[in-house]
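Heads up: the structure comes next, in structure tokens.
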Amino acid sequence: MPGLEDLYREIILDHYRSPRNRGELPPPAVRTEGHNPLCGDEIQVYLSVDSGLVSDVKISGQGCSISQSSASMMSAAVKGKPIAEVRSIVRRFKSMMTLEEEETAEADDQNVKLGDLEALQGVVKFPVRIKCATLAWNTLLQGLDEATA
Amino acid sequence: MPGLEDLYREIILDHYRSPRNRGELPPPAVRTEGHNPLCGDEIQVYLSVDSGLVSDVKISGQGCSISQSSASMMSAAVKGKPIAEVRSIVRRFKSMMTLEEEETAEADDQNVKLGDLEALQGVVKFPVRIKCATLAWNTLLQGLDEATA
Amino acid sequence: MSKDFANLRQDFPVLSRVINGKPLVYLDSANTSQKPHVVIDAMTDFLENGYAPINRSAYQMAAEATDLYEGARTAVAKFINAPNANEVIFTKNATEALNLIVRTWGIANLSHGDVVVLTHMEHHANIVPWHMLVAERGIVLRFIPLTSDGQLDLSNLDALLTDAKVLSFTSMSNVLGTINPSKFLCAAAHRAGAIAIVDGCQSVPHMATDVQDMGADFLAFSSHKMCGPSGLGVLWGRQQLLDAMPPFMGGGNMIADVRLDGFTCAELPAKYEAGTPPITEAIGLGAAVAYLTKIGMHNIRAHEIDLATYSMNQLTQRFGDDIVIHGPTNIEVRGATHSFAFKDLHPHDVSQVLDQSNVCVRAGHHCAKPLMRLLGANATVRASFYLYNNHQDADALCDALEQASEFFSPS
Amino acid sequence: MSKDFANLRQDFPVLSRVINGKPLVYLDSANTSQKPHVVIDAMTDFLENGYAPINRSAYQMAAEATDLYEGARTAVAKFINAPNANEVIFTKNATEALNLIVRTWGIANLSHGDVVVLTHMEHHANIVPWHMLVAERGIVLRFIPLTSDGQLDLSNLDALLTDAKVLSFTSMSNVLGTINPSKFLCAAAHRAGAIAIVDGCQSVPHMATDVQDMGADFLAFSSHKMCGPSGLGVLWGRQQLLDAMPPFMGGGNMIADVRLDGFTCAELPAKYEAGTPPITEAIGLGAAVAYLTKIGMHNIRAHEIDLATYSMNQLTQRFGDDIVIHGPTNIEVRGATHSFAFKDLHPHDVSQVLDQSNVCVRAGHHCAKPLMRLLGANATVRASFYLYNNHQDADALCDALEQASEFFSPS
Ligand SMILES: Cc1ncc(COP(=O)(O)O)c(C=O)c1O
Ligand SMILES: Cc1ncc(COP(=O)(O)O)c(C=O)c1O
């Protein structure tokens, strides 16, 4: 059985205790909301897109350590990046979070580095928590689609 | 396990092969119809009531040996009898057909003789067939209620 | 019969039951099938060692239970070649699956005057829900008639499908054994602009199913007829349709959010699985599907063609004009299900005498009263075979019929 | 704890499961309960020796199966003191039972502007089906508010019930453990001219139920929360109401006749049991009801009062202000179900650490989001006890909470 340390790496607890990019953005930033129907957690992602870049991102809402730290790390990973690269990061992260190897990744996603986000790899061993880790990411994707529609 | 002889007494097969009171009665005779939803059997009971007597009764429809012979014996048992006595016979018959002793019989039902109908007692050992045996009786009851309403 | 099929009788504990010194001859599988050890054990093992809620709690036993439950869904999806496991909805039986379609897709898409085409050989489960919509909404039902040998009469199909919004049909008749040309019918429905709903209750247990090749939009079937537990049915539907439909029952699990003033639905498949689902039962069906797959659906069909041929021959050879077997004579288009009239005996009386020999058949209207009226009978005797039956079972049926004949012949 | 209750732990095979060297501490029974040997055995025995269809075929094994199935109905009727076994309808879960009422009685009796009164502590299963009727028909929902200690605030009850047609409420909150005054509420509903629907999911497994004394019109509950199998729920209703209502699902068994142009309904209970029912599951519930009756519902309630008191005391003594337990403090009006907030830890994180000690609790919204909003939380940790729990389980919960506290405290 995987132990607690596999799930709660130090870096995760750090992001949980001091979340980055907390807050809101005023319009015209895009605001999207995500629910985890299992536990009732809610998250809001605010997204500013500017000349092909994710120029700013903020996170609000509540959740467990996994969903909060995942959101915090995500915000740090995508802020200031070109949209195409952000989508690559999302794909890489989501494929890390799937149990079976789904072929969703595209060729050049390999070049993308997940950095700190690798710490969330342990979540896969706790399938119930995968939805916690991916909540912010699915919400971000929705926002990206809206912002670039 | 009860054998076939318990179910198919000779008198039953006789009524099945030569059913009594087959046919229809024209209005103002009351016509009621019964279904056995299990096997699809249908029966029609025609009932003439005259100055407190069941002056005539006829049976049509199709069914298995148990339902047909039960209908035939019933017609013979009630024809020409006062309505109160007919109701007594119905109660006695139905209580013979119940597995658990329900207290539906009334005091003076004891005086009623079932005669040939006793041959149907064996049906109780074959619970699935009870509905066959009681189909005509329930249909008769409906008719009585209509005729005396 | 191949040796494999002779051996697999041991997989079914109930088949060794002896009543009155006679072995069990179970010929009522079109009604409900027996269960192999592996299915019973999967359920017992789960109940004894790992029973837990699914999709709700986060502890290990709950995660394991969720894996087993979702694993069963994936197995069922593979069994019918569904493109996506989320398109597989667990219901309580096939009847709920068919009602679900009518109350969701039907309510959203059908209004006064809209035409739904059924066939004259449908089970009540594929008639009565539509009748309800006739009463509520004034939709119009048309019925594909039958040929004299119990096949669909397709000579007028295009006219019947004109302006139709739905074609809903059984892939195999539970009375006649007729195997309908599902792929052809789905294509015809689509050409006419209708959706195709397939009642797969009688075919899914007995032959390979491929919803993509068949081209169906919805498929309904029952766990209990395919070696799985009671209390469980399956609805498969194309994701696009399922996503667009309104919900069926409201409650836990099917929601994304609930407020005092409204709610939003969850994604598939949760959207159509309100409340605590049949957890143990789904796990049992998962085991049943694995069992059937291991034997091979093509082998099962071949075995049943052999059984259908042998039993049909025996019945006609031994009883000649005394028996009228309904449905097609061409075994290519029929399953191993024989409904018949025997002499002038009432089916109830026949089955009663058969029961003395521990031969289990169904006597009745088989939940297909419109078809029975067409056959001119209130009831038939139906002997239906499955993978665990053999030639001896067919012989036992014939022997018992002979006894019935003797018993009721005027002495 | 009395010796009897100490011994009955052996009746539940899963309780001897050891994970990671630690025994199972199952505190999720408000979600779904474990099953005793007698229930598992009743199901296995049926599947191995007598599985057969019910109400359809006439052979001996089918007759035996029908007796077992109908015997279970009679046992359930007696368990809740229903005047008539035909008033007991087997559904797939309590959610189906509640939806059934809304889609039959509700559709037949409620129209635009009609008022339905619920409470602020309802499970989604007793909210969402009504929301659907709000959207379809424009009925109006009112909610009985709660007091600060999680009881129904009845100070305005008469006003809330004015012109109401329905009062539908849970007899015990699955979140707060609050036991509602069902008899009083049914009487109040009737005084106002409304019918009373009781969601008995949380009370029927834990205390004696008497529908006649309670005065309810409908009662819904689940097999799987009362030691019975999954895939089965119960709807009880007064015969007069059930007889008058339109059918719910259409199909086999629920009909008296079907023609191409319409159908007529069967009598109770078949009218509401379309298709092949959960046969094995009903037989399992029959065994569960016999098991609970033998122990005695009053003894179970007494045992749970003891558990509730002990666990409440331990939690508050050991964690003081670090724990906030929701709901009433008076054990007379609460079951052994504790929802709580622990320090500033998220319930998911708490339950994850508890799982390391094999302590199984639920973390989430418990399918009662409107109530969660009232509590100002997205989620709580819920520990729920049943007849097989003991003081050691409460101690294990407290020990594991201490570990959670340590694990997350800044190092
Ligand atoms: C109070 C209450 N009502 C309804 C339900 C729904 O029961 P089921 O999931 O068995 O349909 C539950 C349990 O989940 C409950 O606790
Ligand atoms: C063709 C067909 N459709 C539907 C059904 C209904 O299935 P269930 O009783 O499992 O709901 C059956 C079986 O009874 C069937 O044979």
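The values are calculated or read from the model by the stated rules, or taken from the named source; none is laboratory data. Here the structure is a predicted model, which means the values were calculated and not measured. A quick note on method: Cβ atoms are made from the backbone with ideal geometry, for glycine too, and the neighbour counts reach across all protein chains shown.
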Worksheet item: When you go through D:122, D:136 one by one, which is the residue that is part of a loop (DSSP other than H, G, I, E, B), among the charged types (D, E, K, R), over 23 Å from residue D:243 (Cα atoms) and within 14 Å of chain C (Cβ to nearest Cβ)?
Response: D:122
Worksheet item: Do we find a residue being in a loop (DSSP other than H, G, I, E, B), of a type in the set (A, V, I, L, M) and either more than 22 Å from the chain's Cα centre (by Cα) or under 30 Å from residue C:261 (Cα atoms) (or both) anywhere in the stretch D:390-401?
Response: no
Worksheet item: With B:50, B:14, B:6, B:41 as the choices, which residue is exposed (fewer than 15 other Cβ atoms within 10 Å of the Cβ) and either touching a helix residue (DSSP H, G or I) at 6+ places or on another chain (Cβ under 6 Å) or within 14 Å of chain C (Cβ to nearest Cβ) (or both)?
Response: B:6
Worksheet entry | Residue ID - modelled with the lowest pLDDT, chosen from residues in the stretch A:17-38 that are touching a strand residue (DSSP E or B) at 6+ places or on another chain (Cβ under 6 Å), more than 12 Å from chain D (Cβ to nearest Cβ) and surrounded by 15 or more Cβ atoms within 10 Å (Cβ to Cβ) | A:34
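Please specify each residue of the stretch C:347-389 satisfying the condition of being polar (S, T, N, Q) and either assigned to a loop (DSSP other than H, G, I, E, B) or surrounded by 24 or more Cβ atoms within 10 Å (Cβ to Cβ) (or both).
Scanning the stretch C:347-389 gives C:351, C:352, C:357, C:358, C:378, C:380, C:384, C:389.
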Worksheet item: Which pairs have Cβ atoms under 7 Å, sit 6 or more apart or on different chains, and link a residue in the stretch C:97-109 that is touching a residue at least 24 places away in the same chain (Cβ under 8 Å) to one that is within 16 Å of ligand 1 (Cβ to nearest atom) and part of a helix (DSSP H, G or I)?
Response: C:100/C:272
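Given the criterion modelled with pLDDT of 95 or more and not in a helix (DSSP H, G or I), identify the matching residue among D:298, D:338.
Of D:298, D:338, the one residue that is modelled with pLDDT of 95 or more and not in a helix (DSSP H, G or I) is D:338.
Enumerate the helices (runs of 4 or more DSSP H) found wholly within the stretch B:1-106, keeping only those where 2 or more residues are touching a Cys at 6+ places or on another chain (Cβ under 9 Å). Give the derivation first.
Details: elements: B:4-7, B:10-17, B:65-78, B:83-96.
Correct list: B:65-78.
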Item to complete: Check D:274, D:288, D:256, D:282 and return the single one that is within 16 Å of ligand 1 (Cβ to nearest atom), of a type outside the set (Ser, Thr, Tyr) and closer than 30 Å to residue C:133 by Cβ.
Response: D:282
Practice prompt. Could you check how many residues of the stretch C:103-119 are within 18 Å of the chain's Cα centre (by Cα) and either part of a helix (DSSP H, G or I) or of a type in the set (D, E, K, R) (or both)?
Written response: 0
Worksheet item: So, of the residues in the stretch D:96-125 that are farther than 24 Å from residue D:180 by Cβ and hydrophobic (A, V, I, L, M, F, W, C), which turns out to be nearest to ligand 1 (Cβ to nearest atom)?
Response: D:107
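Quick check on my filter: what residues within the stretch C:49-107 are among the aromatic types (Phe, Trp, Tyr) and away from ligand 2 (no atom under 16 Å from the Cβ)? Lay out the reasoning, then the answer.
The first filter runs over the stretch C:49-107 and keeps only residues among the aromatic types (Phe, Trp, Tyr), leaving C:51, C:59, C:69, C:79, C:90, C:105.
Across the stretch C:49-107, the qualifying residues are C:51, C:59, C:69, C:79, C:105.
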Discussion item. Looking at the structure I just gave you, is residue C:141 away from ligand 2 (no atom under 14 Å from the Cβ) and within 12 Å of chain D (Cβ to nearest Cβ)?
Written reply: yes
Response to the item:
For the stretch C:240-260, pairs from a residue that is on the phi > 0 side of the Ramachandran plot and in the same structural domain as residue C:216 (by TED's automatic domain parsing) to a residue that is surrounded by fewer than 24 Cβ atoms within 10 Å (Cβ to Cβ) and assigned to a helix (DSSP H, G or I), with Cβ under 6 Å and 6 or more apart or across chains, are C:253/C:270
Discussion item. Would you confirm whether or not the stretch D:304-312 contains a residue that is under 25 Å from the mean Cα position of the chain (by Cα), farther than 22 Å from residue D:17 by Cα, away from chain A (no Cβ under 11 Å) and not in a helix (DSSP H, G or I)?
Written reply: no
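Only one residue in D:20, D:84, D:49, D:55 is more than 26 Å from the chain's Cα centre (by Cα), touching a residue at least 60 places away in the same chain (Cβ under 8 Å) and more than 30 Å from residue D:336 (Cβ to Cβ). Which one?
On the way: D:20 fails: more than 30 Å from residue D:336 (Cβ to Cβ); D:84 fails: more than 26 Å from the chain's Cα centre (by Cα); D:49 fails: touching a residue at least 60 places away in the same chain (Cβ under 8 Å).
After applying the criteria, what remains is D:55.
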